[in-house]
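A short write-up of the structure that comes next.
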Amino acid sequence: MNVHEHQAKDVFRRFGVPVLEGAVAHTAAEAQAVADRLPTPVVVVKSQVLAGGRGKGRFKEHGPDGPGGVAVVKDKAQVEAVAAKMLGSTLVTIQTGDAGERVHKVFVEAGCAIEKELYAAVTLDRAARAPAIMVSPAGGMDIEQVAHDTPELIFRAVCDPAEGLRGFQARELARKLGLTGEALRNGAALLERLVRTFIDTDASLIEVNPLVLTKDGQVLALDGKMSFDDNGLVRHPDLAAMRDPNAESKEEQAAREHDLSYISLSGDVGCMVNGAGLAMATMDMIKHAGGAPANFLDVGGGATEARITAAFRIIVSDPDVKAILVNVFGGILRCDSLAQGIVAAARTLELRVPLVVRMEGTKVDEGRKILEESGLAITFAPGMAEAAEKVVAAARGGAR
């Protein structure tokens, strides 16, 4: 689960990570009210979308002369007008693609005098099986570009999963950032707190870009990005409540309600598979056959008739889907149970797109018999490669 900048900064405050004063606003009038009570003459209005590159982004509705996704407002009296242009508009950034994301709220924050822009992030090092922190003195830039052009400017440390970032590690990283004196001590403390935030919230990513050194020696998280491990949210109901329904499609919301793992993609072949690994392999085979998957959908091992119906409903709600492939290995999910669910779903939804089924495993003969006797137009395939070829041909309107 990803959260907005203002939510990440609320979490930062809980763990003592220094941030500037600010508040979220859902209307232009609210934005002006927030600006009026901030202590600085200059304020910053930030579009709240779950995508990076906001500062370089542009709104579809306003063209090159309009505000960017992040606007520095030197006259606080103009905040309402700036926010009015952002709210309800569609922001296009390097990460949103041409479709962009609609802005439903803005974050109004105090300004500061920046001396230097830095970078810090915490993520999971799977090889070390521990959190790892990365820092760079080249903040405010795309870190991927920094890694490509000047990898020597990225420094990292693996952290103890229980103790977090140790003091000597934090001070060494702060020195690598070019900090000295009081700023070094402030920076080291901030890095330690970032790692503690990551561990205690079951986060999968924390990114601060830029992390800034101000002219008066403070080290602040000027931006904040956080992603959380969905499997850990049961321990953090306060964090789970931060989920933004506007950031999810209706299909993704429905999948979450039925405990289905679903991701919408841009192809025309709908996929329903049990097991994440098999789902990935199925999508690879569809691509290999010349097609494009329309989704990742894992119904899991304990799929019921209701969940299978929900899965089909989600797939067929995508108008781009031209054919569906069901690829199941019957283990925990028996093939006969799956077949009963497929038949019920197809009849309930009056399925009108070609359906290709490949099943193996427990009760496969019984499952195939149920499908054959259902009267449904189903194409069977004995293996993954043939199943992929058949469904791609069906999506193109060819012979199945």
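Once the Cβ-Cβ distance of ALA292 and ILE332 is raised to the sixth power relative to R0 = 35 Å, the FRET efficiency obtained is 0.75.
Calculate, in nm to one decimal, what LYS215 and PHE155 gain on full extension: separation in residues at 0.36 nm each, minus their alpha carbon distance.
On the way: separation 60, 0.36 × 60 = 21.60 nm, distance 2.40 nm.
Gain on stretching LYS215 to PHE155: 19.2 nm.
In the range 164-318, if the dipole is taken from +1 on Lys/Arg beta carbons and -1 on Asp/Glu beta carbons about the Cα centre, which of ASN295, SER266, ALA240 is farthest to the positive end? Looking along the dipole axis, the top candidate is ALA240.
Would you mind getting me the FRET efficiency between ARG13 and MET280? Use the beta-carbon distance for r and R0 = 30 Å, nearest 0.05. Don't skip to the end; give the middle numbers.
Working: r = 38 Å, r/R0 = 1.28.
Using R0 = 30 Å, I get an efficiency of 0.20.
Taking amide H positions as modeled 1.01 Å from N, with prolines and chain starts lacking one, the residues under 5 Å from VAL3 and 5 or more places away or on another chain are MET226. Given the Cα-Cα distance of LEU349 and ARG37 and 0.36 nm per residue of separation, how much length would full extension add, in nm? My answer for the length gained is 106.9 nm.
Mean separation of Cα pairs under 8 Å and 6 or more residues apart, divided by the residue count, gives the range 21-110 a relative contact order of 44 percent. Under 5 Å from the amide H of SER261 lie the amide H atoms of ASP298, each residue being 5 or more positions distant or on a separate chain, with H modelled from the backbone and absent for Pro and chain starts. The Cα center of the range 21-66 and the Cα center of the range 190-228 differ in position by 21 Å.
For a 29 Å ceiling on Cα separation, which of these pairs sit above it: LYS105/LYS176; LYS250/LYS369; LYS60/LYS390; LYS85/LYS322; LYS322/LYS369; LYS76/LYS215?
Working: LYS105/LYS176 36 Å; LYS250/LYS369 34 Å; LYS60/LYS390 41 Å; LYS85/LYS322 39 Å; LYS322/LYS369 25 Å; LYS76/LYS215 22 Å.
In this structure, LYS105/LYS176; LYS250/LYS369; LYS60/LYS390; LYS85/LYS322 lie more than 29 Å apart at Cα.
Pop the C-beta distance of GLU163 and ALA84 into the FRET formula with R0 = 41 Å and round what comes out to the nearest 0.05.
Values: r = 48 Å, r/R0 = 1.18.
E(calc), rounded to 0.05, equals 0.25.
Within straight-line reach of LYS74, meaning a Cα separation under 16 Å, sit the following aspartates and glutamates at least 8 residues removed in sequence or on another chain: ASP36, GLU109.
Does anyone have the angle between helix 5-14 and the longest principal axis of the chain? Alpha-carbon axes, 0 to 90°, nearest 10? Roughly 60 degrees, rounded to the nearest 10.
Over the range 146-198, the hull volume per residue, using the convex hull of the C-alpha atoms, is 83 Å³.
Stick to the Cα atoms of the chain, pair each with every other, and give me the Kirkwood hydrodynamic radius in Å at one decimal.
On the way: mean 1/r = 0.0421 Å⁻¹.
In the chain this quantity evaluates to 23.7 Å.
Size descriptor for the range 114-240, Kirkwood hydrodynamic radius: 14.7 Å (Cα pairs only, one decimal). Computed on the chain, with alpha-carbon pairs under 8 angstrom and 6+ residues apart, the relative contact order is 12 percent. For the range 339-355, putting each phi into the Karplus relation 6.51 cos²θ - 1.76 cosθ + 1.60 with θ = phi - 60° gives couplings of 4, 4, x, 4, 4, 5, 5, 4, 6, 5, 8, 6, 3, 10, 10, x, 10 Hz, in residue order, rounded to whole numbers and with x for Gly and Pro.
Taken over the alpha carbons of the range 21-110 as equal point scatterers, the Debye sum produces base-10 log I(q)/I(0) values at 0.19, 0.20, 0.21 Å⁻¹ of -0.74, -0.81, -0.89.
Mind checking the dipole of the chain: about its Cα centre, +1 per Lys or Arg Cβ, -1 per Asp or Glu Cβ, Debye to the nearest 20? Show your work: numbers first, answer last.
Numbers: 45 positive and 53 negative charges, 34 e Å.
The calculation lands at about 160 debye.
Placing pseudo-labels 7 Å out from each Cα toward the beta carbon at ALA377 and ASP125 gives an inter-label distance of 5.7 nm. A crude spin-label estimate for the pair ALA113 and ALA385, with each label 7 Å from Cα along the Cβ direction, gives 7.0 nm. One chain, two ends: THR304 and ASN231. Fully extended at 0.36 nm per residue, the span grows by 24.2 nm beyond their Cα-Cα distance. Each residue of the range 236-246 was assigned a 3J(HN,Hα) from its phi angle through the Karplus curve 6.51 cos²θ - 1.76 cosθ + 1.60 (θ = phi - 60°); the sequence is 9, x, 5, 6, 4, 5, 7, 4, 9, x, 5 Hz, with glycine and proline shown as x.
Sequence-ordered 3J(HN,Hα) estimates for the range 265-282 from the Karplus curve with 6.51, -1.76 and 1.60 and θ = phi - 60° stand at 10, 9, x, 10, 10, x, 10, 10, 9, 10, x, 5, x, 5, 5, 5, 5, 5 Hz, glycine and proline given as x. Computed from the Cα positions only, the extents of the range 257-400 along the three principal axes stand at 32, 31, 28 Å, in decreasing order.
FYI, it's all coordinate maths here, none of it is from the lab. These numbers were taken from a predicted model, which means no experiment stands behind them. Neighbour counts are summed over all protein chains in view; Cβ atoms, including those assigned to glycine, are modelled from backbone coordinates with ideal geometry.
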